[in-house]
Every structure is written in C-alpha cells, then in structure tokens.
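A quick write-up on the structure given underneath.
The values are calculated or read from the model by the stated rules, or taken from the named source; none is laboratory data. Keep in mind that this is a model prediction, so the values were computed, not measured. Please note: Cβ atoms are built from the backbone with ideal geometry, for glycine as well, and neighbour counts cover all protein chains shown.
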Amino acid sequence: MDNFITWLNTEIEDLKTTGGNNLFMQGKLSEAIRTREIYKGINEEMKALMCDKYCKFPEAYMTGNEDDNERLIHERCNNCPIG
C-alpha cells in the first residue's frame, strides 16, 4: 500500500501542474484527492482495529510496573509493521 500512496501523491502533483483549464484533468485531480482522503481514513481505521483487537503484545507487557505502556510503545508499537 505504501507504493500506492506514493504513486497517488505523485499523480496528484502531476495533475496540479498539467491540469490547467482542462475540465477532464480537473476532474481526475479531484477524484485522486478524494481517493487519497478515503484511503487515509480507511488506513487509520484498519491500524486501530488491528492494534485494539488483534495485537497480542499488550498482554505480554502487563507486568504491573509503571512503565509497562511506555515499554510497549517503545519496544513494539514504534516498530509495528502496519503502523
């Protein structure tokens, strides 16, 4: 998906510079921007769902220490492949 969003951002920038007064190109630009915003929303929802429902690391870090959550974030969440 990272390749898709990279491509989409490049496409948006290209359309901004080459669109001019062409209504077809302006329509493509609007649709590309809309697609990017939808993707961002879906992507954030999916990350939150995966984290809240399926990640097993929080259980492993529940040791009763004050720094459990900080350790979880530092050791696991910051290196999460989906995040």
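General observations
- Considering (1) touching a Lys or Arg at 6+ places or on another chain (Cβ under 8 Å); (2) modelled with pLDDT of 90 or more; (3) small (Gly, Ala, Ser), the lone condition that GLY19 does not fulfil carries the number (2).
- LYS47 being touching a residue at least 24 places away in the same chain (Cβ under 8 Å) and part of a helix (DSSP H, G or I): yes
- TRP7 fulfils the conditions (1) modelled with pLDDT of 90 or more; (2) surrounded by 12 or more Cβ atoms within 10 Å (Cβ to Cβ); (3) hydrophobic (A, V, I, L, M, F, W, C); (4) out of contact with any Pro (no Cβ under 8 Å at 6 or more places or on another chain) except for a single criterion, (2).
- Each residue in segment 37-83 was checked for being closer than 24 Å to ASN9 by Cβ and hydrophobic (A, V, I, L, M, F, W, C), and 7 pass.
- From the list LEU23, LEU8, the one residue that fits, being aliphatic (A, V, I, L, M) and farther than 26 Å from ILE82 by Cβ, is LEU23.
- The one condition from (1) touching a Leu at 6+ places or on another chain (Cβ under 7 Å); (2) exposed (fewer than 13 other Cβ atoms within 10 Å of the Cβ) that GLU44 does not meet is (1).
- Residue match in segment 22-41 (condition: in a loop (DSSP other than H, G, I, E, B), among the aromatic types (Phe, Trp, Tyr) and touching a helix residue (DSSP H, G or I) at 6+ places or on another chain (Cβ under 8 Å)): no
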